[in-house]
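The values are calculated or read from the model by the stated rules, or taken from the named source; none is laboratory data. All figures in this text were calculated on a predicted structure; none of them were measured in a lab. Neighbour counts run over all protein chains shown; Cβ positions are idealised from the backbone, glycine included. With ligands, DNA and RNA removed, areas are computed over all heavy atoms of the protein, side chains included. Shrake-Rupley method; radii C 1.70, N 1.55, O 1.52, S 1.80 Å.
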Amino acid sequence: MRRELICTETATPPRLAVHSVALPRPGSGQVLVRLQATSVNPIDVKRASGYGRRLLALKGAGRFPLVLGNDVAGVVESIGAGVAAFAHGQRVFGLLGTGRAGGAHASHVVVAQDFLLPAPGDADPTALAVLPYSFTTMWLALHSTGISAGNARGARVLINGANGGLGRLAMQLLDSWGSRITAICGRGQRQAGLDLGAEVAVEHGPACIPSLPADFDVVLNFANWDDDALLASRLGPGAMGQATTVHPLLANFDRLGWLGGAWASRRDRSRVRAVVASRAPKASYAWTIFKPDRDALAALAEGVRAGRLALPIGIAMPFENAVAVFDHVSAGQPGRAVLLP
């Protein structure tokens, strides 16, 4: 039997229950994984309250009750036709997309083989379970700005939210690429930013962003939408681009409906895009939306093998204590949150 952590209805704090259902079977190109660990990301806490229902319904992921989660770490239970890269009993990690098939908060999940990676022999599944969703989202943001391993050496990169999960992973990757990082950190986190490889680290505050030089090649906003236009003013004339993962797209559609949400999102994006263009006419500007990405997973696998990528764990509990895990995330407590099926 498969045990599922069900989010039964929209509520804050979330209303959760554990249900048992028949074990799913993998189809062609799919792998059935018995989970040892899965994560609770901030998006899961927000979705439990109803966030994003209107747009996510287009992907079959907006109707309650639902199973949340995207991150997978565990052991191969069985494989479908056409799967040659994985075998029964093999340790793996990877991710699920957000869609009608449901999420990763379960004892067993069916994963497309393209979005699954072999786990290093000595890796802790709890440590692996907090990486795929966050790394993929960060990678998509990074990729949209045009920066890569080939052009990152010496590039000046400004990261807002540097002490969060996406910020930490971006710093670890960019540091290995030789970029010059300026980190905007939370209160009391400046030294942590420097320890992660930042050349300059500052604590977020009213005068923080205007005090920074306007010569950055890339800006990444992982923290606060309200900072986005001000961050764009820090781009240099030859900048590559800016990306944000904290845009108001889903919230606009939730609040204003289809027409109002579309109009507001276009207005909001155009406003910041105009600032970007005024600073650097050839620079890109992107709102990052998560989706599984094979290139991101390949980069994640390389970084894990090299020991370059890791996030601190703040709480790891079984399904029966899931409310405490969700509370950890909603309260902004330090460290990533893990469920142990």
Original post:
How large is ³J(HN,Hα), in whole Hz, for each residue of region 58-64 in order, when computed from phi with the Karplus curve 6.51 cos²θ - 1.76 cosθ + 1.60 and θ = phi - 60°, using x for Gly and Pro?
Top reply: 5, 9, x, 10, x, 9, 8
Subject >> Cα pair distances of region 1-124 binned at 5 Å [whole percent] >> reply: 2, 12, 22, 23, 18, 13, 8, 3, 0
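In whole percent, what relative contact order does the chain give with Cα contacts below 8 Å and a gap of six or more residues? If you can, show how the numbers build up before the last one.
Values: 793 pairs, mean separation 65.5, N = 341.
Taking the mean separation of contacting Cα pairs over the length of the chain, I get 19 percent.
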Original post:
What dipole magnitude, in Debye to the nearest 20, does the chain give about its Cα centre under +1 on Lys/Arg Cβ and -1 on Asp/Glu Cβ?
Top reply: 840 debye
**OP:** Using a/c under 1.5 as the rounded threshold, could you call region 89-146 rounded, prolate or oblate? The axes a ≥ b ≥ c are square roots of the C-alpha gyration tensor eigenvalues, and prolate needs a/b larger than b/c, oblate otherwise.
**Re:** oblate
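Scaled to the compact-protein estimate 2.2 N^0.38 Å, what is the alpha-carbon radius of gyration of region 294-341, rounded to two decimal places? Could you put the intermediate results ahead of the total?
Details: Rg = 13.7 Å, N = 48, 2.2 N^0.38 = 9.6 Å.
My calculation over the Cα atoms of region 294-341 gives 1.43.
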Original post:
For region 179-314, how big is the tail of P(r) above 19 Å, as a whole percent of Cα pairs?
Top reply: 61 percent
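Roughly what % of Cα-Cα distances in the chain sit above 33 Å, to the whole percent? Walk me through the numbers on the way to the answer.
Details: 15721 of 57970 pairs.
Above the 33 Å cut-off, the chain has 27 percent of its Cα pairs.
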Original post:
Short version: ³J(HN,Hα) in whole Hz for each residue of region 15-20, in order, from phi by Karplus 6.51 cos²θ - 1.76 cosθ + 1.60 (θ = phi - 60°), x for Gly and Pro, what are they?
Top reply: 9, 10, 8, 9, 10, 10
Original post:
Which percentage, to the nearest 5, of the DSSP beta bridges contained in the chain is antiparallel?
Top reply: 55 percent
Original post:
So, in Å, what gap is there between the alpha-carbon centers of region 40-56 and region 304-329?
Top reply: 18 Å
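Would you work out what percent of the accessible area of the chain, with all protein chains in place, is carbon or sulfur (probe 1.4 Å)?
Details: 7630 of 14480 Å².
In the chain, the share of accessible area belonging to carbon and sulfur is 53 percent.
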Original post:
Relative to the longest principal axis of the chain, what angle (0 to 90°, nearest 10) does the C-alpha long axis of helix 294-305 take?
Top reply: 90 degrees
**OP:** Can you tell me the relative contact order of region 165-302? Whole percent, Cα pairs under 8 Å, sequence separation 6 or more.
**Re:** 18 percent
Original post:
FRET efficiency for Ser176 and Asp295, Cβ-Cβ distance as r, R0 = 22 Å, nearest 0.05?
Top reply: 0.85
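Would you please name the trypsin sites (Lys or Arg not before Pro) within region 114-196 that are DSSP coil residues with at most 11 other C-beta atoms within 10 Å of their C-beta?
Arg153, Arg187
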Original post:
By its C-alpha gyration tensor, with a ≥ b ≥ c as the square roots of the eigenvalues, how is region 51-156 shaped: rounded for a/c under 1.5, else prolate for a/b larger than b/c, else oblate?
Top reply: oblate
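Ratio of region 95-187's C-alpha Rg to 2.2 N^0.38 Å, to two decimals?
Numbers: Rg = 15.6 Å, N = 93, 2.2 N^0.38 = 12.3 Å.
In units of the globular-protein estimate, region 95-187 measures up at 1.26.
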**OP:** Please report, in Å, the Rg and the Dmax of region 191-241, where both are computed over Cα atoms only.
**Re:** 11.3, 30
Subject >> Per residue value of the accessible surface for the chain (all protein chains in place, 1.4 Å probe), Å² >> reply: 42 Å²
Original post:
For the residue pair Ser20 and Leu194, what label-to-label distance in nm results when each label sits 7 Å from Cα along the Cα-to-beta-carbon direction?
Top reply: 5.5 nm
**OP:** Assign unit charges at the C-beta atoms only (+1 for Lys and Arg, -1 for Asp and Glu), then state the dipole size of region 265-341 relative to its Cα centre in Debye, rounded to the nearest 20.
**Re:** 720 debye
Original post:
Ordered by residue, what ³J(HN,Hα) values in Hz, to whole numbers, does region 258-264 give under the Karplus form 6.51 cos²θ - 1.76 cosθ + 1.60, where θ = phi - 60° and Gly and Pro are x?
Top reply: 5, 6, x, x, 5, 5, 5
Original post:
Rounded to the nearest whole Å³, what is the per residue volume of the convex hull around the Cα atoms of region 20-81?
Top reply: 112 Å³
